[in-house]
Amino acid sequence: MATLFAVELCFSSCSEDELQVQKNFPFEVQIMPVSKYIANGETVEIRCRIIPFGNYSETEYFFRYFQSDGKGTLRLFNEPPFLPNDSYLLAEKEFRLYYTSESTVSQSFDIWISDNMGNEKLTIQFSPQNAGTV
């Protein structure tokens, strides 16, 4: 009787539902330090790394930016410049952005790195570099 009860308990605890796989893992975005000063026409490299706190093979990461002050272009290594507010698929978790100033005033832009489940927002600011500024 005890064996029959154990077998029944085993079968009744099994469900026909699919196995639950965790798909939503938080992540951080690390950025190497960059100069806070930039001159008109100067290009600054911004090294970025996405660090997920778990692994799900179907996770995709996307990039989008918006420039709120100043004027400039942002791009990946040899790619054409990004368009503000357009979303771009990131092929790698480590990447380098290149910002080229087209302005003599303070510049700032917001970067959004998101996955299929959540978001991370970063802000980058540059001050104008004058002849006397180092």
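The values are calculated or read from the model by the stated rules, or taken from the named source; none is laboratory data. Since we're looking at a predicted model, the values are computed, not measured. No Cβ is skipped: glycine too gets one built from the backbone with ideal geometry, and neighbour counts run over all protein chains shown.
For R96, the conditions (1) surrounded by fewer than 15 Cβ atoms within 10 Å (Cβ to Cβ); (2) modelled with pLDDT of 90 or more; (3) more than 14 Å from I124 (Cβ to Cβ) all hold with the exception of (3).
Is region 7-26 home to any residue that is at pLDDT 70 or above, assigned to a loop (DSSP other than H, G, I, E, B) and either in contact with a Leu (Cβ under 8 Å, 6 or more places away or on another chain) or closer than 16 Å to Q107 by Cα (or both)? Break it down into steps so the answer makes sense when it comes.
As a first pass, look at region 7-26 and keep what is at pLDDT 70 or above: 25-26.
In the following step, the residues that additionally are assigned to a loop (DSSP other than H, G, I, E, B) were identified as 25-26.
So of that shortlist, the ones also either in contact with a Leu (Cβ under 8 Å, 6 or more places away or on another chain) or closer than 16 Å to Q107 by Cα (or both) come out as none.
Taking every residue of region 7-26 in turn, none turns out to be at pLDDT 70 or above, assigned to a loop (DSSP other than H, G, I, E, B) and either in contact with a Leu (Cβ under 8 Å, 6 or more places away or on another chain) or closer than 16 Å to Q107 by Cα (or both).
Taken together, the residues in region 32-47 that are closer than 23 Å to K93 by Cβ, aliphatic (A, V, I, L, M) and part of a strand (DSSP E or B) amount to 2. Taken over region 76-93, the criterion of being over 14 Å from the mean Cα position of the chain (by Cα) and surrounded by 15 or more Cβ atoms within 10 Å (Cβ to Cβ) is satisfied by F82 alone.
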